[in-house]
Amino acid sequence: MWRVELHAHTRCSPDSLVSLEDFLAACRRKGLDRVAVTDHNTIQGALRLKERAPDLIIVGEEIRTREGEVLAYFIEREIPQGLPLVETIDRIREQGGVVALPHPCDRARGSAVGREVAEAVLPMVDAVEIFNARCVFPGDNACAAALATRFGKPGFSGSDAHTLWELGRAWTALPPFEDAAGFLQALRHARPTLRLSPVWVHLFSMWAKWRRARLASS
């Protein structure tokens, strides 16, 4: 089984300061077999990393839709934020990508789709992040797991890493795969790692936003 990180951010996200060079080195150092780079509303960092490490990187994107965030895997073209969730899912499908809901029940995150929206779109979704290491309330991960079970969707874990320390903290064990179709098959045998990050990791994201705002205004 591979050690796969399915939710990670670089400095191409506004709430992370992790350079692409440091990100790649940390992935190698931590023994991850595949890493999905899922920056907020962009695939630029993922594409650059894919060029440097095609054997390691999955091009992904965490897209903010009108109803909340959705994850895309194995895409080649960036999908803009702010579209309706259903249209965003259609655009992922048009590229042959894989669709997943990240932290759908997270009460502390305004970007989560929430239970009601999740229930409406889950028939259109391939998988659910049933364990997000940054969830503050354990019950929110339990809610996501219950939704995945109810709708018969594969569940996986994600570190939602915004710092090098978090990278690979909640990896998912998956059989080897090469493309989107193989990834979908592998997800049905996923074994999530259930290891939470401490609450204070959110302070690093707040710091990153503040730091970048200061640099932009100076």
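The values are calculated or read from the model by the stated rules, or taken from the named source; none is laboratory data. These figures come from a predicted structure and were not determined experimentally. Counting neighbours? That spans all protein chains shown, and the Cβs are built from the backbone with ideal geometry, glycine included. With ligands, DNA and RNA removed, areas are computed over all heavy atoms of the protein, side chains included. Shrake-Rupley method; radii C 1.70, N 1.55, O 1.52, S 1.80 Å.
For segment 100-114, the count of residues that are open to solvent by less than 10 Å² (accessible area, probe 1.4 Å) and over 16 Å from the mean Cα position of the chain (by Cα) is zero.
The set of residues in segment 132-172 that are free of Cβ contacts under 8 Å to residues at least 12 places away in the same chain and assigned to a loop (DSSP other than H, G, I, E, B) contains only 152. When the residues of segment 174-218 are filtered to those that are among the hydrophobic types (A, V, I, L, M, F, W, C) and touching a Ser or Thr at 6+ places or on another chain (Cβ under 7 Å), the one that is farthest from residue 133 (Cα to Cα) is 208.
Out of the residues in segment 171-202 that are β-branched (Val, Ile, Thr) and within 24 Å of residue 59 (Cβ to Cβ), which is nearest to the chain's Cα centre (by Cα)?
172
Residue 45 meets all of the listed conditions (1) closer than 28 Å to residue 122 by Cβ; (2) touching a helix residue (DSSP H, G or I) at 6+ places or on another chain (Cβ under 7 Å); (3) touching a residue at least 24 places away in the same chain (Cβ under 8 Å) but one, namely (1). In segment 189-218, which residue that is of a type in the set (Ser, Thr, Tyr) and in a helix (DSSP H, G or I) is modelled with the lowest pLDDT? Per the criteria, the residue is 217. Of all residues in segment 1-37, those satisfying the criterion of being over 24 Å from residue 127 (Cα atoms) and either of a type in the set (A, V, I, L, M, F, W, C) or without any contact (Cβ under 8 Å) to a residue 12 or more places away in the chain (or both) are 12, 17, 18, 19, 20, 21, 23, 24, 25, 26, 29.
Within segment 136-156, the set of residues being open to solvent by 10 Å² or more (accessible area, probe 1.4 Å) and either under 14 Å from the mean Cα position of the chain (by Cα) or farther than 19 Å from residue 172 by Cα (or both) comprises 136, 137, 139, 150, 151, 155.
Exactly one residue out of 167, 187 is open to solvent by less than 10 Å² (accessible area, probe 1.4 Å) and farther than 27 Å from residue 11 by Cα: that is 187.
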